[in-house]
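The values are calculated or read from the model by the stated rules, or taken from the named source; none is laboratory data. Since this is a predicted model, take the numbers as computed values, not measurements. FYI the Cβ positions are ideal-geometry reconstructions off the backbone, even for glycines, and counts take in every protein chain you see.
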Amino acid sequence: MKKLAVSLVSIAVVSILAIGATKAYFSDQVTAAGNTFASGTLYLTLNSKNGPVQPYTITNIAPGAWAPTGTIYLKNTGTVDGHAWLEITKVRTSGNGALGNLVGVSFQENIPNGQKLNGFKPINDVANHPMDLFDIKAGATVPLTLYAVWPNGSPATDNRAQGETITFNVVFNLDQKMCGSFVCSNDHRH
């Protein structure tokens, strides 16, 4: 009986080896070498400069004003499309500060019939809040005109701002158009 069991085990082992030896297949391998990923660039210049530019200036503004203060040229000198936005920062007023509650800014693309990008709000109300602008394709330039706006109010309100000045910075930003899950959006990181 023991010899029979050993014989059966031997036959089973030989059968398994024979089946494994007859199972053959082809294989091949090819390498795609030298793959490169290069990041794009996103650079914003103002009036062909990378840094501070001539400030917007207006003098002798009075109630009822809708005065252009200057045009700035935003250029995406990078290789990636972007979305522009701005923020008014470092607002400083002289006197009692009434002018910042009365005078505002309106930004318009400098195109025929000027496209208004934001409605009127006093500078003090929009300071330190992002203002959405527009997309700028890689290599494109978009002119943007700033208007100083002082709607007519009442003499009691408007007279308090006589002789005052207001100074502020306009910080322009350009963010990559973010695309995740094939849906593009503008992310102002605020």
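Things to note:
- Within the stretch 81-94, one or more residues are under 20 Å from the mean Cα position of the chain (by Cα), of a type in the set (Phe, Trp, Tyr), closer than 21 Å to Thr145 by Cβ and modelled with pLDDT of 90 or more.
- Asn124 vs. criteria part of a helix (DSSP H, G or I), modelled with pLDDT of 85 or more and surrounded by 14 or more Cβ atoms within 10 Å (Cβ to Cβ): yes
- Residue match in the stretch 165-187 (condition: within 27 Å of Asn47 (Cβ to Cβ), modelled with pLDDT of 85 or more and among the charged types (D, E, K, R)): yes
- Qualifying residue in the stretch 45-68 (condition: without any contact (Cβ under 8 Å) to a residue 24 or more places away in the chain, exposed (fewer than 14 other Cβ atoms within 10 Å of the Cβ) and over 25 Å from Leu174 (Cβ atoms)): yes
- Note on the stretch 42-80: residues that are touching a strand residue (DSSP E or B) at 6+ places or on another chain (Cβ under 7 Å), hydroxyl-bearing (Ser, Thr, Tyr) and under 26 Å from Trp150 (Cα atoms) total 5.
- Members of the stretch 64-84 found to be hydrophobic (A, V, I, L, M, F, W, C) and part of a loop (DSSP other than H, G, I, E, B), listed by number: Val80
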